[in-house]
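Asks: Please find one structure pasted underneath; my questions will follow.
The values are calculated or read from the model by the stated rules, or taken from the named source; none is laboratory data. Since the structure is predicted, the reported quantities are computational estimates derived from the model, not experimental observations. Ideal geometry is used to build each Cβ from the backbone, glycine not excepted, and the neighbour counts take in all protein chains shown. Accessible surface areas use protein heavy atoms only, side chains included; no ligands, DNA or RNA. Shrake-Rupley method; radii C 1.70, N 1.55, O 1.52, S 1.80 Å.
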Amino acid sequence: MKSWKYLMMTTMIGSALTLAACGDDSDTETTEETPTEETASEAGTETETPAAEEAAIEGTVSGDGSSTVAPITEALVEEYAGVQPKVQVTAGVSGTGGGFEKFIAGETDFSNASRPIKEEEATALADAGIDFTEFQLANDGLTVVVSQENDWVEDMTVEDLKKLWIEDGTAKKWSDINPEWPAEEVVFYSPGTDSGTYDYFDEVILDGEDLVKSATLSEDDNVLVQGVQADKNAIAFFGYAYYLANQDTLKAVKIGGIEPNNETIESGEYSPLSRPLFVYASNKALSENPAFYDFMKYSLENAGEMAEAVGYVSLPAEKYEEGLSTLEGLK
């Protein structure tokens with residue numbers, strides 16, 4: 001495993017990532033004699049162009065979207081740069097909703113999402129004449145966290161989460177959930193409203209009710225991490241990989257007695273907070289931009305390994321094969 005895989009477990013990306021594959025165009029000298037057609041014929045062989053040269057691609061690829069999916073994309077872009085050094089891939093991190101806005105505007109080739117596309121977003125894409133395809137990259141367990149200094153919270157139910165996170169006009173205290181817990185106000189940190197993580201939490205926990213008004217919102221998961229690290233009364237939720245990268249200072253709260261880990265997320269036992277992670281690709285860009293098609297092919301071939309490396313859960317191999325088959329049909 002390369003060093004970035006370990007670095008990713010200790011330092012997650014910031015508000016945006018832009019990685020470019022930069023090649024060295026200088027010629028390399030060699031003392032080996034390259035066979036001419038004549039000498040090759042004499043040797044009974046044919047001259048061949050190196051596979052790397054045959055596969056060389058140039059171009060640009062642009063994407064945006066979910067901060068949860070971003071660590072997978074960052075890993076893929078970094079590794080892809082070594083395979084296709086003349087392809088420049090950039091990927092912003094403006095949240096699932098923000099990414100779809102750019103996708104709808106035709107500004108990006110792909111959009112990362114930590115929730116399925118909404119009906120109104122799909123309609124807007126249709127109105128804009130943009131056909132798209134959904135590809136699943138991995139699975140995630142949305143993780144509720146408190147500080148390691150919090151020595152009272154270990155386990156909560158979905159009903160506890162509802163009572164804590166839904167706005168009801170009161171100042172929420174830990175003792176509201178359990179009278180044995182401190183009568184101290186809870187400090188809330190949440191992904192911003194453009195985040196697919198916010199949308200998912202809203203769907204499965206809030207049931208469409210308003211989130212507590214006192215919550216600090218941010219599209220940058222690192223802001224949420226730092227907020228909880230600094231306050232023993234703080235609580236937040238975000239993607240599993242961000243918890244793993246900071247587990248020395250954060251504590252994952254069990255939900256209904258089930259802790260988030262690879263096994264419980266993959267099996268769906270960690271319910272209702274297990275969820276799929278997606279990338280949405282422009283069909284036109286796939287057919288017209290060889291660099292984008294090649295990057296998507298590389299992504300589906302390597303997404304499982306990259307997901308595991310940065311702390312998410314890979315899909316069964318046949319799921320990636322299905323994705324590759326779908327991709328091939330869009331070429």
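Asks: What tally of residues in the range 248-271 results from selecting those that are under 19 Å from residue 224 (Cβ atoms), aliphatic (A, V, I, L, M) and within 22 Å of the chain's Cα centre (by Cα)?
Replies: Of the residues in the range 248-271, the ones under 19 Å from residue 224 (Cβ atoms) are 248-253, 255, 260.
Filter once more, keeping what is aliphatic (A, V, I, L, M): 250, 252-253, 255.
So of that shortlist, the ones also within 22 Å of the chain's Cα centre (by Cα) come out as 250, 252-253.
Of the residues in the range 248-271, 3 are under 19 Å from residue 224 (Cβ atoms), aliphatic (A, V, I, L, M) and within 22 Å of the chain's Cα centre (by Cα).
Asks: Here's another thing I want to ask about it. Working carefully through the options 120, 74, 79, 149, find the one that is under 25 Å from residue 199 (Cα atoms), open to solvent by 10 Å² or more (accessible area, probe 1.4 Å) and in contact (Cβ under 8 Å) with a residue 40 or more places away in the chain. Let's see the steps before the verdict.
Replies: Working: 120 fails: in contact (Cβ under 8 Å) with a residue 40 or more places away in the chain; 79 fails: under 25 Å from residue 199 (Cα atoms); 149 fails: under 25 Å from residue 199 (Cα atoms).
None of the other options fit; the residue is 74.
Asks: Out of all the residues in the range 168-208, which are open to solvent by 50 Å² or more (accessible area, probe 1.4 Å) and either of a type in the set (A, V, I, L, M) or in contact with a helix residue (DSSP H, G or I) (Cβ under 9 Å, 6 or more places away or on another chain) (or both)? Full working, then the answer.
Replies: The initial filter retains those residues of the range 168-208 that are open to solvent by 50 Å² or more (accessible area, probe 1.4 Å), namely 168-171, 173, 176, 179-180, 183-185, 193-194, 203, 207-208.
170, 171, 176, 183, 184, 185, 193, 194, 207, 208 - these are the residues of the range 168-208 that are open to solvent by 50 Å² or more (accessible area, probe 1.4 Å) and either of a type in the set (A, V, I, L, M) or in contact with a helix residue (DSSP H, G or I) (Cβ under 9 Å, 6 or more places away or on another chain) (or both).
Asks: Among the residues of the range 273-320 satisfying the criterion of being of a type in the set (Asp, Glu) and closer than 20 Å to residue 79 by Cβ, which is surrounded by the most Cβ atoms within 10 Å (Cβ to Cβ)? Quick ask: steps written out before the conclusion?
Replies: Filtering the range 273-320 for residues of a type in the set (Asp, Glu) gives 288, 294, 301, 305, 308, 318.
When the remaining residues are screened for being closer than 20 Å to residue 79 by Cβ, the result is 294, 301, 305, 308.
Details: 294: 18, 301: 15, 305: 15, 308: 15.
In this case the residue turns out to be 294.
Asks: Residues to consider are 161, 125; find the one that is within 30 Å of residue 327 (Cα to Cα) and surrounded by 14 or more Cβ atoms within 10 Å (Cβ to Cβ). Please lay out each step first, then the result.
Replies: Numbers: 161 fails: within 30 Å of residue 327 (Cα to Cα).
Residue meeting the stated conditions: 125.
Asks: Next question. Quick check on the range 85-105. Is at least one of its residues surrounded by fewer than 14 Cβ atoms within 10 Å (Cβ to Cβ) and not hydrophobic (A, V, I, L, M, F, W, C)? Explain how you work it out, then say what you get.
Replies: We begin by selecting, within the range 85-105, every residue surrounded by fewer than 14 Cβ atoms within 10 Å (Cβ to Cβ); these are 105.
Now restrict to residues that are not hydrophobic (A, V, I, L, M, F, W, C): none.
No - not one qualifying residue is present in the range 85-105.
Asks: For the range 228-262, what are the residues that are out of contact with any strand residue (DSSP E or B) (no Cβ under 8 Å at 6 or more places or on another chain) and in a helix (DSSP H, G or I)?
Replies: 244 - this is the single residue of the range 228-262 that is out of contact with any strand residue (DSSP E or B) (no Cβ under 8 Å at 6 or more places or on another chain) and in a helix (DSSP H, G or I).
Asks: Out of everything in the range 90-123 that is among the aliphatic types (A, V, I, L, M) and in contact with an Asp or Glu (Cβ under 9 Å, 6 or more places away or on another chain), what residue ends up being farthest from residue 305 (Cα to Cα)?
Replies: 104
Asks: Moving on to the next point. Scan the range 292-312 and give yes if some residue there is under 22 Å from residue 81 (Cβ atoms), in a loop (DSSP other than H, G, I, E, B) and among the small types (Gly, Ala, Ser), otherwise no.
Replies: yes
Asks: Now for a different question. Would you please name the residue that is modelled with the lowest pLDDT, looking only at residues in the range 209-227 that are open to solvent by less than 30 Å² (accessible area, probe 1.4 Å) and assigned to a strand (DSSP E or B)?
Replies: The residue in question is 218.
Yes/no matrix, rows are residues, columns are (1) under 18 Å from residue 115 (Cβ atoms); (2) among the acidic types (Asp, Glu); (3) in contact (Cβ under 8 Å) with a residue 60 or more places away in the chain:
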| residue | (1), (2), (3) |
| --- | --- |
| 173 | no, no, no |
| 182 | no, no, no |
| 192 | yes, no, yes |
| 213 | no, no, no |
| 219 | yes, yes, yes |
| 226 | no, no, no |
| 232 | no, no, yes |
| 243 | no, no, yes |
